[in-house]
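The values are calculated or read from the model by the stated rules, or taken from the named source; none is laboratory data. A quick note: this is a predicted structure, and the numbers were derived from the prediction, not measured. Quick reminder, even Gly has a Cβ in these numbers, built from the backbone with ideal geometry, and neighbours come from all protein chains shown.
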Amino acid sequence: MRFLIVTLLFLWATSCSSGYGNKLESDELVIFYENQQDELIARALGHFWKEEGLIGERQQTLRLFLNKVNYRIQLIQSPEFQKDPISFEEQQLLIALLNKMDTLVFENRKGSFEICNDHFEIKHLIQE
């Protein structure tokens, strides 16, 4: 199951340009977040991403937003996979990952994944 999630997220997460607010960066992962208050959540997200083995071969870029009471994570889908629909099984794996993140990262708030193209236009929304 972990392999499928890592593979799925690796295929979706690619680098994007800067200019999206505050940034945490390592060799494997870049997390953009809008508000300074969300830095602890962004750090927890990075730690969770690494602990769960979701780091791929290329540097991944995530965008974190707080939408009133819920967190959104934007992932950039690789161009070669933008025409592929997300299967039901993949959606269920992502929802299970979100459930875990709700408790461990988002301090019991709900989260969602927004799978975007390289212009941050939402192509798929994954939420509980």
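Between 95, 31, 73, which is part of a helix (DSSP H, G or I) and at pLDDT 90 or above?
Only one candidate passes the filter, namely 95.
Filtering the stretch 21-71 down to residues that are hydroxyl-bearing (Ser, Thr, Tyr) and within 20 Å of residue 125 (Cα to Cα), which residue is surrounded by the most Cβ atoms within 10 Å (Cβ to Cβ)?
Checking each candidate, the answer is 33.
On the given criteria, is residue 43 modelled with pLDDT of 90 or more, charged (D, E, K, R) and closer than 18 Å to residue 112 by Cβ?
When the stated conditions are applied, residue 43 does not pass them.
Has the stretch 63-85 got any residue that is within 13 Å of the chain's Cα centre (by Cα), more than 22 Å from residue 22 (Cα to Cα) and not basic (Lys, Arg)?
No, the stretch 63-85 has no match at all.
Hey, could you check the stretch 100-128 for residues that are outside any loop (DSSP other than H, G, I, E, B) and touching a Gly at 6+ places or on another chain (Cβ under 9 Å) and say which is farthest from residue 47 (Cα to Cα)?
The selected residue is 127.
Kindly establish whether residue 73 is touching a residue at least 60 places away in the same chain (Cβ under 8 Å) and within 17 Å of residue 103 (Cβ to Cβ).
When the stated conditions are applied, residue 73 does not pass them.
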